[in-house]
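K.L.:
Can you keep this structure in mind? I'll have questions shortly.
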Amino acid sequence: MRENIDLIIACREDLNIPSSNRYLFARPNTEEPFDGGKCLEKIKKYCNLKRPEMLTSTGMRHHIATMSQIHSKQNDQYTEHLAGFLGHDLTVHAKNYRLPMQVLQKAVVGTQLIEYENTIRSQN
């Protein structure tokens, strides 16, 4: 992974990326970032999706925020960083994306049981 990132950085000048552009995945001849929603729309045209209208940037943000609760294992610092990355403050994040405790507990236990089962299978 590191080699690929180094290659992206090394090729910036050849790709007409301004040296002042702070983005790793930069656009040529501008300092503006890619528009994620527009990129997703272009990518969807190349995929054989049954319901492409269901794949949206808002839906992906919601999915990431919701699923992070299962995988963060109550790590408040992780949740704070993720909320900031998604452009939320912790209040908005908690209000709109927090799963009910019963659902969260089932998801966490289910995930742990699957991991346990995979560990047992790999040992046999």
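K.L.:
I'm trying to understand the selection: among the residues of region 1-41, which are among the charged types (D, E, K, R), part of a loop (DSSP other than H, G, I, E, B) and loosely packed, with under 11 Cβ neighbours inside 10 Å?
P.N.:
Keep residues of region 1-41 that are among the charged types (D, E, K, R), which gives 2-3, 6, 12-14, 22, 27, 31-32, 35, 38, 41.
Checking which are part of a loop (DSSP other than H, G, I, E, B) leaves us with 12-14, 22, 27, 31-32, 35.
13, 14, 22, 32 - these are the residues of region 1-41 that are among the charged types (D, E, K, R), part of a loop (DSSP other than H, G, I, E, B) and loosely packed, with under 11 Cβ neighbours inside 10 Å.
K.L.:
Here is a check on your reading of the model: is residue 91 part of a helix (DSSP H, G or I), at pLDDT below 80, hydroxyl-bearing (Ser, Thr, Tyr) and loosely packed, with under 10 Cβ neighbours inside 10 Å?
P.N.:
Yes, satisfied.
K.L.:
If you check every pair at least six apart or on different chains, which have Cβ atoms under 9 Å apart with a residue in region 1-22 that is over 17 Å from residue 33 (Cβ atoms) first and a residue that is in a helix (DSSP H, G or I) and modelled with pLDDT under 95 second?
P.N.:
As it stands, the answer is none, since no pair meets every condition given.
K.L.:
Moving to a separate point now. Please indicate, with yes or no, whether at least one residue in region 39-57 is at pLDDT below 90 and under 30 Å from residue 109 (Cα atoms). Give the derivation first.
P.N.:
Residues of region 39-57 that are at pLDDT below 90, as a first pass: 57.
Now drop any that are not under 30 Å from residue 109 (Cα atoms), which leaves 57.
Within region 39-57 (the criterion being at pLDDT below 90 and under 30 Å from residue 109 (Cα atoms)), the answer is yes, since at least one residue qualifies.
K.L.:
Taking region 42-60, which residues are among the hydrophobic types (A, V, I, L, M, F, W, C) and outside any loop (DSSP other than H, G, I, E, B)?
P.N.:
Within region 42-60, the subset among the hydrophobic types (A, V, I, L, M, F, W, C) is 43, 47, 49, 54-55, 60.
Matches in region 42-60: 43, 54, 60.
K.L.:
Out of the residues in region 61-84 meeting the condition of being over 22 Å from residue 110 (Cβ atoms) and modelled with pLDDT of 75 or more, tell me which one is surrounded by the fewest Cβ atoms within 10 Å (Cβ to Cβ).
P.N.:
The extreme case among them is 77.
The values are calculated or read from the model by the stated rules, or taken from the named source; none is laboratory data. Just so we're clear, the structure is a prediction, and the values are computed from it rather than from any experiment. All Cβ positions, even for glycine, are placed from backbone atoms using ideal geometry, and neighbour counts span all protein chains on display.
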